[in-house]
Amino acid sequence: MNEIKINHQEEKIELKDNSKRAKTLLTVFWVLTVLTLVGLLTGYNELRILKNAQIGEFVSEEEANLSDLLQGIIGLFQFGLYIGSIVVFLNWFRRAYGNLHRAGITYIKHKETMAVWTWIIPIVWFYRPVQIMNEIWTETQYKIKKFDPTYVMKSGGLIIGFWWALFVISNFIGRYVLRTAFKQDTIEQLIESSTATLISDIMQIPEGLLVIFIVYKLSKMETKLADEVKKSGGNIVKA
């Protein structure tokens, strides 16, 4: 773990390095986005086969079995990687928020641990995570500007809001997919479930790309803040 320590204007600042977590997060989300795109293609083929069967067109057993196998494999990898993406995102998110506290910003509303709990607590998860993301984006830049008055702050409210809207919609669609997954007794139900899965994948692609964009930009800001702290006499301590 890297730490940046400096006394600046009689203020002791201790920031924990977050760059490695950001790089890991970006890698995982790129892979997940590509895998989701592959799932989108296999899901479309699965839906095509089901609709052909519904209208009475011939579908070979080999083609149907291969499609089911591909969907199962892709779905399994997607699920595993999705769980991994949650872990790496929360690790990065908590540290990014915690660094605001370590930077001496005393008016932040919540403790560092809230960056994790906010995703779990019912109702709170609907609005608090996006508030914290906006805080990280804004307050990191405010701190940079204290060191470097020439720094031009970048607005992120619109892009963060768009990401959150996609996340909420995708979350509700995902829950619907889980419900339909256990109701696949008829071909109509299979088509309904496949359609819902397809829509879910379509939503997750831009959502994943927005996460990549936001984290990339924030990582740049964190690096800039670290550089300014070091310029002012701080040291990076590897532990």
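Values computed for the structure shown
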quantity: Unique residue being without any contact (Cβ under 8 Å) to a residue 60 or more places away in the chain and surrounded by fewer than 14 Cβ atoms within 10 Å (Cβ to Cβ) when the list is K111, K154; calculated: K111
quantity: Boolean, W92 is touching a Phe, Trp or Tyr at 6+ places or on another chain (Cβ under 9 Å), of a type in the set (F, W, Y) and surrounded by 13 or more Cβ atoms within 10 Å (Cβ to Cβ); calculated: no
quantity: Subset tally (residues that are under 28 Å from E207 (Cβ atoms) and open to solvent by 100 Å² or more (accessible area, probe 1.4 Å)) for region 142-151; calculated: 1
quantity: Checking I199 against (1) at pLDDT below 85; (2) open to solvent by 40 Å² or more (accessible area, probe 1.4 Å); (3) of a type in the set (V, I, T), the condition it does not meet; calculated: (1)
quantity: Flag for S170 being surrounded by 17 or more Cβ atoms within 10 Å (Cβ to Cβ), farther than 24 Å from L90 by Cβ and of a type in the set (G, A, S); calculated: no
quantity: Residue list for region 52-67, filter: in a helix (DSSP H, G or I), open to solvent by less than 80 Å² (accessible area, probe 1.4 Å) and touching a helix residue (DSSP H, G or I) at 6+ places or on another chain (Cβ under 9 Å); calculated: A53, E63, A64, S67
quantity: Options R128, R102; residue that is open to solvent by less than 60 Å² (accessible area, probe 1.4 Å) and modelled with pLDDT of 90 or more; calculated: R128
quantity: Cβ pairs under 7 Å, 6+ apart, first in region 197-226 and closer than 25 Å to A103 by Cβ and in contact (Cβ under 8 Å) with a residue 12 or more places away in the chain, second open to solvent by 60 Å² or more (accessible area, probe 1.4 Å) and assigned to a helix (DSSP H, G or I); calculated: I212/W30
quantity: Scope region 89-108; condition among the charged types (D, E, K, R) and either free of Cβ contacts under 8 Å to residues at least 24 places away in the same chain or closer than 19 Å to P129 by Cα (or both); matching residues; calculated: R94, R95
quantity: Output for region 155-175, where each listed residue is touching a Ser or Thr at 6+ places or on another chain (Cβ under 8 Å) and part of a helix (DSSP H, G or I); calculated: S170, I173, G174
quantity: Single unsatisfied condition, I86 versus (1) assigned to a helix (DSSP H, G or I); (2) free of Cβ contacts under 8 Å to residues at least 24 places away in the same chain; (3) open to solvent by 80 Å² or more (accessible area, probe 1.4 Å); calculated: (3)
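Yes/no per residue for (1) within 23 Å of the chain's Cα centre (by Cα); (2) closer than 21 Å to I132 by Cα; (3) modelled with pLDDT of 85 or more; (4) open to solvent by less than 60 Å² (accessible area, probe 1.4 Å):
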| site | (1), (2), (3), (4) |
| --- | --- |
| I159 | yes, yes, yes, yes |
| G174 | yes, no, no, yes |
| R179 | no, no, no, no |
| F213 | yes, yes, yes, no |
| T223 | yes, yes, yes, no |
| I236 | no, no, no, no |
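The values are calculated or read from the model by the stated rules, or taken from the named source; none is laboratory data. No experiment lies behind these values; they were computed from the predicted model shown. When we count neighbours, we look across all protein chains shown, and the Cβ atoms used for this are built from the backbone with ideal geometry, even at glycine. The area values use the complete protein model at the heavy-atom level, side chains included, leaving out ligands, DNA and RNA. Shrake-Rupley method; radii C 1.70, N 1.55, O 1.52, S 1.80 Å.
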